[in-house]
Amino acid sequence: MKKTLLTLAALCTTAFLINLAEAGPAAAELKAPAAAITIEGKKPAQFNHATHTALGLACGSCHHDAGHQPLDEAKIGALANGEALHCGNCHKADFANEKLRKPMDVFHARCKSCHAAGVNGKTGPSGCNDCHVKEKKAKKAVEGC
């Protein structure tokens with residue numbers, strides 16, 4: 001009887017730990033990066049989530065699902081990782097709208113139109129070097145940290 005109880009307790013504990021381990025990544029909510037990120041490409045660009053959220057922009061202003069429905073903070077937080085948010089997952093050679101097949105075209109269309117229209121009376125930078133940071137400039141910024 002004692003052996004059976006110990007075995008049952010061990011099985012229950014193991015099952016609990018397995019469920020806890022599987023829930024771990026999902027329980028850790030995905031958050032926007034606090035520091036500026038570099039969007040890699042032929043001409044890397046800097047993007048700062050904090051600057052945009054401080055203006056009151058919602059995550060869904062840029063991030064959407066495969067059905068083009070905006071993703072809110074809760075839906076993004078529930079993702080296992082940020083890989084699903086990469087534009088290049090869908091915007092590639094077989095994308096329906098040929099003008100939006102390259103992530104660069106998506107960024108230029110989305111960012112430039114929003115920066116020109118502005119938010120809360122503020123327009124965003126629109127020059128190439130405002131977003132595309134040359135290596136020397138980026139290295140100086142890193143060295144100064």
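The values are calculated or read from the model by the stated rules, or taken from the named source; none is laboratory data. Note that the structure is predicted; figures quoted are calculated from it, not measured. All Cβ positions, even for glycine, are placed from backbone atoms using ideal geometry, and neighbour counts span all protein chains on display.
Taking the stretch 30-52 as the range and being over 20 Å from VAL106 (Cβ atoms) and part of a helix (DSSP H, G or I) as the test, only ALA50 passes.
When the stretch 53-81 is filtered for residues that are exposed (fewer than 15 other Cβ atoms within 10 Å of the Cβ) and not in a loop (DSSP other than H, G, I, E, B), the ones remaining, listed by number, are THR53, ALA54, PRO70, ALA74.
The condition of being among the hydrophobic types (A, V, I, L, M, F, W, C), modelled with pLDDT of 90 or more and either over 23 Å from ASN129 (Cα atoms) or not assigned by TED's automatic domain parsing to the domain that holds ASN129 (or both) holds for only one of ALA80, ALA28, ALA74, that being ALA74.
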